[in-house]
1. Out of the chymotrypsin sites (Phe, Trp or Tyr not before Pro) in segment 589-673, which ones are loop residues according to DSSP with at most 13 other C-beta atoms within 10 Å?
2. If you find the alpha carbon centre of segment 703-737 and of segment 582-602, how far apart are they in angstrom?
3. Size of the dipole of segment 103-171 about the Cα centre, Lys and Arg at +1 and Asp and Glu at -1 on the beta carbon, nothing else charged, in debye to 20?
4. Given a cut-off of under 8 Å on Cα pairs at least six residues apart, what relative contact order in percent is computed for segment 346-471?
5. Let me see the pair-distance distribution of segment 419-469: every alpha carbon pair, 5 Å bin width, integer percents in order.
6. In Å and on Cα atoms, what radius of gyration and Dmax does segment 187-271 show?
7. How big is the gap, in Å, between the Cα center of segment 415-462 and the Cα center of segment 119-175?
8. Ignoring ligands, DNA and RNA, what percent of the accessible area of the chain is carbon or sulfur (1.4 Å)?
Amino acid sequence: MSMEEKMTEQKLKELLADMTLEEKVNQMSQVVGAFFNKDMDITAMGPMADKGFTPENVALSGSVLGTMGAETLKEIQKNFVEQHPHHIPMLFMMDVINGFKTIFPIPLGQGATFEPELSEKCAAVAAKEAAVSGLHVTFAPMTDLVRDARWGRVMESTGEDPYLNGLFCAGMVRGFQGDDLKEPYKIASCVKHFAGYGAPTAGRDYNTVELSEHTFRDFYLPSYKAGIDAGAAMVMTSFNTVNGVPATGNKKLMRGILRDEMGFDGVLISDWAAIEEIIYHGYCADREEAAVRSAEAGVDIDMMTGIYCENLCRLVREGKISEDLIDESCMRILELKNKLGLFENPYKDADETKEKEVILCKEHRDLAREAARKSFVLLKNEEKILPLGKEKKIAWVGPYVHSRNLMGSWSFIGDAKDVTNLEEAVKAQADTANMSFHAGSPMLGSDIRLEGFGEAMEQSHTPEEEEAMLLEAVNAAKEADVVVLAIGEDRLQSGEATSNANIRIPEIQQRLLERVSEVNENVVVVLFNGRPLDLRDVVSKAKAVLEVWMPGTEGANAIADVVFGAYAPSGKLTMSFPYSVGQVPVHYNEYSTGRPHVPGKDKDRFRSKYLDIPNAPLFPFGYGLGYTSFAISDVKLDKAELGMEDEIKASVTVKNTGDTAGTETVQLYIHDVAASVVRPVKELKDFCKVTLQPGEETEVIFKITEEELRFLTENERVESENGAFEVFIGSDSTTENKAEFVLKK
């Protein structure tokens, strides 16, 4: 069979029938690109033996992860295909999360844009850069619902709302994949982590997940389903247990829910070494049993353990597992390769010339700047201190004034040298003769070491050096009209394996905030972080707080745009910021309980409340200020009763009551007043972004249908129930602006 020959379904079946058992099983194994390093003596085995791989396994493997670059991957592919008995090309995969070389805001920041279509564009750019570099698959989007800021991996999600997460997941899938994977510059996406990975007990990564069946199905599964419905080519298993069974060996979850109920027919891949980990969970006695359990659950690819390739052939020959299972998984892998067009062109879009043209081009940088600006959330703006006039005497202070590490921990493909820092961005936009720039403190204390993916972060400053940095900044703050304090988490303090019980800014930066605020009352904090933080100290000492997340390659330019007023902030939180860590997990779409707390009645002891802190988060879901103000009128419904085929129009008038143009995200929430299974106090069902000039007003109309009122009832069916519903429309999830209607089926 020639590699250029178009591969039909029939020819795929003929290819599968002609493959040996060893060839088929090794299609189900994924190895790292280092195994193909031309300088490595493959006969010496090296790290291969530790993982259970032999040189023969590597020579037949179906996919590779963690290597990039058109020249490198074309060479690996050429050599591999030539020596493979059936000349089957490999799949090249990598974590392209929020950008390849052009880095966009972290997903949690992208969620704050409330623009899934913008994330779709960002994913398409990431796909283009990845594709010309030889990649075929990304392990994104992560659509795990998140409610606990202790879990550092919340940075990779778009937040705490199932509806919004589903919109972003579907948008990113479409951005990566387009309409046809064979099209130029498209790569396959992988929805992860199936399922429930975002709810680890105590916020500790890789920990057990304890969710009721109802909560699991009603809140956690819908956003995965949205990605699958959008056509995601792959799904990744999660590390955690579901109902006491590790997901990677969970036949009910993977075959029952994912494939049968959700209709997923693509490739299911384990997370890194997750097949081996089901032994450590205590679910399997050994590697042989782990191979059986995972294959029977329908896991098609074993990422980096060697368990499949060392066990499955023998297990088939011993009659302990059916070869039909192997054929089923192998066929799905071959089909994905065919959908990508790899049988006609094993290199797809890999192109050294295009790499130079496409990566970090102006068009991509411009989109990164737009995405960053739209992701920023203005949390506080006392006395309308922002935006700042460029004529003011401004002291720019903080470790993020000079840092280029604005990319987030998952952006390990990105390069800090490609990132503009804040001082450079400010100098590009303003005459800085009246301004000064000072670090003020290290990012972290000298005794802290952080580790990321192949990188580490530690600092060594003497106490004398730290004091000198601090004094320089304090002296500058004394002389300034305004201090812009650029502080926050280090990029490696959030992400995978970064669970934290303390979710405040680093102590050394807290000291900087305290000292600066003592000598200047006009402090504007620009906050960098990958998760919601306890910001009580920051908010109390600053007149303005601008949340900028980890904003990416063009983040600093976007910050200068917003601080100087060339662009007005419009982002809204998609994850609640807790009052303190003692509240988490905290989220807006909670249940009322039988003894709901009534704000203002704190002496009523026997209610569901804390004695020492409020129930409410410091900043709720949907919250975000702008440089102007908006008034939203009372909710109007065009009818009071809804039938099965009807729709209700819910409308408000939105008016810009300030003196500058601005954008408001008008949010619609619904509350099912009484149901067979208790419903959240509010659920986001729709939203609309409107941009208005000063004094301008517009009518915003939302359509409500019976479909939006469905949920998992006591009958274990997704359906609606007759009764009363409240409709809330406002600028965040705390709105009390409401009207009521009745559903009659």
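1. On the way: sites: Y591, F606, Y610, F621, Y623, Y627, F630, Y669; in loops: Y591, F606, Y610, F621, Y623, Y627.
Answer in residue order: Y591, F606, Y610.
2. Using only Cα atoms to place each centre, the spacing works out to 19 Å.
3. Values: 5 positive and 9 negative charges, 36 e Å.
That gives segment 103-171 a dipole magnitude of about 180 debye.
4. Working: 97 pairs, mean separation 26.8, N = 126.
Normalised by residue count, the contact order of segment 346-471 is 21 percent.
5. 4, 15, 19, 14, 17, 16, 10, 4, 0
6. Rg and Dmax of segment 187-271, Cα atoms, are 12.0, 35 Å.
7. Spelled out, the Cα-based centre of one part sits 27 Å from the other.
8. Working: 13290 of 27930 Å².
Carbon-and-sulfur percentage of accessible area, whole number: 48.
The values are calculated or read from the model by the stated rules, or taken from the named source; none is laboratory data. None of these values were measured; they are calculated from a predicted model. Positions of Cβ are generated from backbone atoms using ideal geometry, with glycine treated the same way; all protein chains shown enter the neighbour counts. All accessible areas refer to the heavy atoms of the entire protein, side chains included, with ligands and DNA or RNA removed. Shrake-Rupley method; radii C 1.70, N 1.55, O 1.52, S 1.80 Å.
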